[in-house]
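**Student:** Below: one structure in structure tokens.
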């Protein structure tokens, strides 16, 4: 069976051949693996690529330990998700970072004020989302952060900027989900809501069994993917909760906004705003 990879594979392969360092080779080879068709005829080719990728990563890690090469910037992920602000110089990224997170990134009318990634934590109804500002120089080591983020936020102020930013992402083989915001036309609160909705997450609340007043809002929010179940909920807390699970009581609302109490099992799908009380053996 022929492999028949798509055109995107050959673009990545060309990028690999022209790469001048191991980090760029790793990025290109990861894209080659993503673009390689997954079927019986491609198994050997995929295995060879993965073997070469593992070797490259090992060599890169070794050289990094010696202080030769490797990324100079490593942003440790914190919170429930990570979103990167990407835009051209003076687009309002630092201003927006400060408004969303309460950070104190330098804001100036001069170009390229931000020379390294700036990090802050955005609070959304008790859930923490890490916001990273990527400098407008779009250096490789900075863009590598965006590759593993859950969301990219294009910060634009002029028409056509988003197309140029798309080209920059494509050139760095970044396929992360992205949205577009304009800090000069949208309020920080609107942008915060947009970021949250684009992460496809919901907030579910925990409640102690001793607290019987389900009309009182719970104070322990937990972020979960939309469509998550009680099983997912228990696994987020501790694996023993699933092993010793008996049932859960869920305070929820129906389509008319009426509050209901349900006794449910592990496969019950939760909704945004549900309050969960777990009962174990």
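The values are calculated or read from the model by the stated rules, or taken from the named source; none is laboratory data. A quick note: this is a predicted structure, and the numbers were derived from the prediction, not measured. When we count neighbours, we look across all protein chains shown, and the Cβ atoms used for this are built from the backbone with ideal geometry, even at glycine.
**Student:** Let me spell it out: the conditions are (1) on the phi > 0 side of the Ramachandran plot; (2) at pLDDT below 85, and residue 102 meets all of them except one. Which number is the exception?
**Tutor:** The failed condition is (2).
**Student:** Can you report the number of residues in the stretch 252-281 which are farther than 26 Å from residue 79 by Cα, in a strand (DSSP E or B) and within 31 Å of the chain's Cα centre (by Cα)?
**Tutor:** Here the count works out to 2.
**Student:** Also: Tally time: how many residues in the stretch 216-251 are assigned to a helix (DSSP H, G or I) and loosely packed, with under 11 Cβ neighbours inside 10 Å?
**Tutor:** Within the stretch 216-251, the subset assigned to a helix (DSSP H, G or I) is 230-237, 239-243.
From what is left, the residues that are loosely packed, with under 11 Cβ neighbours inside 10 Å are 239-240, 243.
Total meeting the criteria: 3.
**Student:** Looking at the stretch 85-95, can you tell me whether even one residue there is farther than 27 Å from residue 3 by Cβ, in contact with a strand residue (DSSP E or B) (Cβ under 6 Å, 6 or more places away or on another chain), assigned to a strand (DSSP E or B) and at pLDDT 85 or above?
**Tutor:** Yes, the stretch 85-95 contains a residue that is farther than 27 Å from residue 3 by Cβ, in contact with a strand residue (DSSP E or B) (Cβ under 6 Å, 6 or more places away or on another chain), assigned to a strand (DSSP E or B) and at pLDDT 85 or above.
**Student:** Just to be sure I understand the filter: pairs with C-beta atoms under 7 Å, separated by 6 or more residues or on different chains, first member in the stretch 6-24 and within 22 Å of residue 139 (Cβ to Cβ) and assigned by TED's automatic domain parsing to the domain that holds residue 145, second member outside any helix (DSSP H, G or I) and modelled with pLDDT under 85. Which pairs pass?
**Tutor:** Cβ pairs passing all conditions: none.
**Student:** Six or more apart or on different chains, Cβ under 8 Å: which pairs go from a residue in the stretch 185-202 that's within 14 Å of residue 93 (Cα to Cα) to one that's part of a loop (DSSP other than H, G, I, E, B)? Could you list them?
**Tutor:** Within 8 Å, the pairs are 191/183.
**Student:** Name the residue that is modelled with the lowest pLDDT, counting only residues in the stretch 119-152 that are crowded, with 19+ Cβ neighbours inside 10 Å and more than 16 Å from the chain's Cα centre (by Cα).
**Tutor:** 136
Here is a yes/no grid of residues against (1) within 14 Å of the chain's Cα centre (by Cα); (2) modelled with pLDDT of 95 or more; (3) assigned to a helix (DSSP H, G or I):
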{"site": "174", "(1), (2), (3)": "yes, no, no"}
{"site": "179", "(1), (2), (3)": "yes, yes, no"}
{"site": "193", "(1), (2), (3)": "no, yes, yes"}
{"site": "202", "(1), (2), (3)": "no, yes, no"}
{"site": "209", "(1), (2), (3)": "no, no, no"}
{"site": "212", "(1), (2), (3)": "no, no, no"}
